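The values are calculated or read from the model by the stated rules, or taken from the named source; none is laboratory data. Remember, it's a predicted structure, so these values are computed and weren't measured experimentally. Because the Cβ atoms are built from the backbone with ideal geometry, glycine has one as well, and the counts that use them run over all protein chains shown.
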Amino acid sequence: MNETVDLILKRRSVRNYLPNMLTEEEIKTIVKCGMYAPSAKNRQNWHFTVVTNAEMIEEMNRLALEGMAKLGIGKEEGYHIFYHAPVVIIISSKIEGYSEINAGCVVENMALAAKSMGIGSCIIGETRYMYRQKNKADINRALKIPENYENDISICFGYPAEDEQEPKPRKENIVDYIL
């Protein structure tokens, strides 16, 4: 094995964070690693909204939970879509083909970069529910998402409050080789 493979195999979603804020340098490094993700035809048609404002993180959580409730998606009392992480990055893309795939590459680059720095992360798809009960334009304006861009996915970051978890067993019989 090598260092990169070892990092990939050890990365886990973190769902319990210390309240300590990441440094500006750590955040900028994570964002830069996201910017270097591959994109279809190298369009790099993404936008990053870095949220460290605790009130805005709480408002996004509230909007998402309300949107989920409108769809009948219930969560236990006290559930927080960002697990109280101090940093949330929203990846939005220009509305055109492959944006979801590009955003997936971005969040994985960011998650691996964070792991390499001792920072935990969790990729979050639930921010899409914010748009279920409030004007999309208002939310995008508040999050500085450019016109003609859509929220693709989010990822939260913070210092893990618990020791690293062991991986869950991988599913079997999911690979076929055609030689």
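Sort out which residues of the range 143-178 are under 23 Å from VAL87 (Cα atoms), assigned to a loop (DSSP other than H, G, I, E, B) and among the β-branched types (Val, Ile, Thr), and write them in order of number. Across the range 143-178, the qualifying residue is only ILE145.
Filtered by the rule that a residue be more than 18 Å from LYS136 (Cα to Cα) and in contact (Cβ under 8 Å) with a residue 40 or more places away in the chain, the range 52-84 gives ILE73, ILE81, PHE82, TYR83, HIS84. Of all residues in the range 11-33, those being outside any helix (DSSP H, G or I) and either of a type in the set (A, V, I, L, M, F, W, C) or more than 30 Å from GLY97 (Cβ to Cβ) (or both) number 11.
Taking the stated definitions as given, is SER116 touching a strand residue (DSSP E or B) at 6+ places or on another chain (Cβ under 9 Å) and of a type in the set (S, T, N, Q)? Before the answer, list the steps.
Values: touching a strand residue (DSSP E or B) at 6+ places or on another chain (Cβ under 9 Å): no; of a type in the set (S, T, N, Q): yes.
Here the answer is no, as SER116 does not meet what is asked.
In a residue-by-residue description of the range 5-26, the property of being surrounded by 15 or more Cβ atoms within 10 Å (Cβ to Cβ), modelled with pLDDT of 95 or more, in contact with a Cys (Cβ under 8 Å, 6 or more places away or on another chain) and over 26 Å from GLU166 (Cα atoms) applies to no position.
Going through the range 158-179 one residue at a time, which ones are surrounded by 10 or more Cβ atoms within 10 Å (Cβ to Cβ) and among the charged types (D, E, K, R)?
The first filter runs over the range 158-179 and keeps only residues surrounded by 10 or more Cβ atoms within 10 Å (Cβ to Cβ), leaving 158-162, 164-165, 167.
Hits for the range 158-179 are GLU162, GLU164.
Residue by residue, here is whether (1) on the phi > 0 side of the Ramachandran plot; (2) under 14 Å from the mean Cα position of the chain (by Cα) holds:
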| site | (1), (2) |
| --- | --- |
| TYR17 | no, no |
| GLN44 | yes, no |
| VAL50 | no, yes |
| GLU55 | no, no |
| LEU65 | no, no |
